[in-house]
Structures are given as C-alpha cells and as structure tokens.
Amino acid sequence: MYRKNEIIELNITALTSDGDGVGRAGEMVFFVPNTAVGDIVRAKVLKTKKNVGFARVEAIVTASPYRVEPDCPVSFSCGGCVYRHISYEAECAAKRQKVIDAVTRIGKLDGALVKDIIPSENIDGYRNKAMIPVGLNRDGEAVMGYYARHSHRIMHCLRCQLSPPVFNEIISDVYTFLKHRPSLIYTPQNRRGIRHLYLRCAETTGDVMFCIVAGSRHFDGDTALYDSLKEKYPQIKSIVVNVNAEDTNVILGRYTHTVYGKPYLTDTLCGLRFDIAPEAFYQVNRSQAERLYGKAKEYAALRGKETLIDLYCGAGTIGLSMADSCKHLIGVEIIPEAIENAKRNAERNGIHNTRFICADASQAAATLRKEGVRPDVIVVDPPRKGLTPELIDTIVQMAPKRVVYVSCDPATLARDLKLFTENNYSVREITPVDMFPRTSHVEAVVMMSRKDFN
C-alpha cells in the first residue's frame, strides 16, 4: 500500500473518460490529471483506496509524443480544458475511444459500429455561451472566473480561450466595475447582488446578449453598468436580468426581465433563423452543431412522407432542420420559453407542418401514443442523464422505423442502447462528434432501426 505524499514513478498507458491519465504501480491503478498516454512521470500520492489511487504530477521524466505545451496559464487548475496539453489529433482519438469503451462495456455492442469522429474546425473561441460565477474571496474582494476542478471554488480568471474575444473583454470590464463595488455581489446574507454573468452571441451576426443573474431585479449601479457596456459594445443588442434568490446551485431563476433590446438573440443554423431566449437550449458550438444535425438528418433518412417526433426539442433546432424532409413534425420540450421559441422559429422560417408540445418527454410520448400518433422516425436529444426506461418502453411501443439518438454522455447512451437492442431495435451506426474541443465531453449520433424493418 502506498502512503499519502509518497513519490512514485508511473507509465501512463490510458486515459479515463474524464481525461485523467492511468498508470499502474504494482497492484495499484493510479489516476493522474494532466498527463498523456506515453508519459513517464514522478507523481505524489494524494489518496488511496483498496486497489485505486489518485496522484498529482511532480515531474515529467519522459514526455509523451502526444504532449504539447499548454497555451493557457490556468488549464491545469480549471475544470474546463483537460486536453490542452495534448495534440488535437490525440484528443479526438481519446474521445472516439471513450465512445467505443462505453458501447462495448456497457452497451455490449460491437466497437466497429463506432465510425470516425467528426472533428471541430475551430478548437478555440467556439463557445457562443458563457456562464461566469461571481463571488467574494476570503478577504471580501470580488472574484470572477471559472470553478476549479471538482469544486465550487471560483478560480479568478478573466480570459478563456474557448470563448470569443468579445466575451473576455466584457468579462474584464464587468470585473473592473465590481472590483470597486463588492457590495453589489450576491451573498447568502444580502440575497440581492450579482451571482453570475451570462453571455450569449449569435455567430452569424456577432450580436451579443448580456445577462446578469442576480438575487433581485435591481441593484445599485445597474444603470451605470448597462450604459457603459452599451456605449463600448454596440454588438450588445440585448440586456436582461434573471432573478435567482434561491439557495441553490442551479444558475438561472424562474423570472427574466428585459432591460434593453429584445429578450432573445437571432442566429442562423442549417439555413434557418432561430430566436434564442436565455433559458432555451442552443448548441454552444454552432458550426459543429451544423455537422451534428447533418449527420442526424442523414440517419433519419426522411423521404418527405414521414411523421417525425423530436423529443427534448429545445428551441426546435434539430426538428426544424429536418422539417423540409418530412410530412409532419412534432416537437416536445418541458421548458415553456423554449417551446415558445420553437413556435416562433417555425413561423419565422415559414415552416407550417409542425406541432410543439410543452410537456415532459415521457408524458408527451405516452399521450401521443394514446392519440394514435404513429411516428416513422423519433429523434431524441436528452440531457446527460439519458432516457428513462419508461420513455424507452413508450418509444418501442410506438414502433418507429428508425430512432436517431443524439447523446452528450457515452455512458448513459450505452445504457439506453442496451435497452433498445433488447426490445426489437438494432444499432446500425454510431458517429462521435467533437462539439467541445479541449474538454472531456464528446457527443455521439446513433442510427437505430426496428429489427423487422430494413
């Protein structure tokens, strides 16, 4: 058994799904962040369990051929970029392997079903959305930035290479404003001030939405802050305040008030114009989303006469991108603002073969089944927790010819695919898509078909 603070030498032979390096010392397997396959490192033991340990790099004895010099000063402590120290080619290979490992170990599927990953054209500056926590340090000074890895401690950082330059400039200006006004920052005691800075931009127009998440609608100095930002950044077309005074880790509250401009941004995706409210889901990497949706549309194999159900439809982006190839589109989403966005998006794009339902996906699917709706294709794009067994059972009973599953978590995807394959569906193909370069996350698009349908 290795002791805490002991220095050991490890040969890194694999990566975990979270991007940590894996090395073996005797019978112990150690997980070591910020390492690459092929590294030989001296590492300090931080914690051990029965056969597993956690360690931190103290020195690199031999560098991996996949290792590159990190170009961000906080990448090793931030909870975001876990792959900034390896080449992008190595990152894509690791992400594809992550999908293969999940579908073979959990889903009991053939790894050959996993095709080549679709890489991102841009690996920096691709995020059209940023949520920046705001707080006070132990000395009562303003801090803004990102949460340190595996914690809710704000790591002060005003620049992120995944964000467009305008975000970093706005963040820096807001920090300058708050630095001299720490009383404007939310605490559990005052329940009034600023909790998060929330930025969105429309890639095709450059328009920016500036959103403050605060404990109350108004706070001292709000007009001065808004006026200074409008003057300096003409691309800010919308300023909104989201109110969240609850003692919770959930970022957005239930009420959003428009201070300036429109309560949404408009962007173009897959040739369609979309209105995006602060609460609505919209892919953070727009250019890569077009490739993701293109693959989903290819897998749906629509011919113009089908009924398509889009579960977890958000602002309607996936379904509306396929509406020109089906007879009827039914979108389902539990967030009311997103459904209103979806309806407006259909209207503004002249798409009339749609119906949007505000409801839980499982309940809506069950209701549609009772109505006798017989979909030819169902598209699902669930949150990280995946689908419920009840929803999968309802989908199976609706018996669509094809199911297209868009996933942001290979583990829950693999779990769900196993249930589908046990219930008259075959997995035909899986394509990983790198939506979030330099982070540990990877999306995947899956084509399934009913076993009695070819």
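Just so it is clear, none of the values below were taken in a lab; they were calculated from the coordinates. Keep in mind that this is a model prediction, so the values were computed, not measured. So basically every Cβ, Gly included, is an ideal-geometry build from the backbone, and we count neighbours across all protein chains shown.
Here is how the numbers come out for the structure above:
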item: Listed peptides 413-424, 229-240, 322-333 by packing density, highest first (mean Cβ within 10 Å); result: 322-333, 413-424, 229-240
item: Extension gain, Lys230 back to His180 (0.36 nm per residue minus Cα-Cα distance, nm); result: 16.0 nm
item: Electrostatic dipole magnitude of the chain [Cβ: Lys, Arg +1; Asp, Glu -1; Cα centre; debye, to 20]; result: 660
item: All-pairs Cα distance distribution in the range 122-217, expressed in whole percent, bin size 5 Å; result: 3, 13, 23, 25, 18, 11, 5, 2, 0
item: Residue among Leu329, Pro410, Ser440 farthest towards the positive dipole end of the range 310-454, charges placed on Cβ; result: Leu329
item: Long-range Cα-Cα pairs in the chain (distance over 39 Å), rounded percent; result: 28
item: Extension gain (nm, one decimal) between Arg273 and Asp360, 0.36 nm per residue minus Cα-Cα; result: 28.7 nm
item: Helix-only mean residue ellipticity at 222 nm for the chain, each DSSP H run of n ≥ 4 adding -39500 (n - 2.57), per residue, nearest 500; result: -7500 deg cm²/dmol
item: Over 28 Å (Cα to Cα) - which of Lys327/Lys451; Lys129/Lys401; Lys370/Lys401 fall in this group; result: Lys129/Lys401
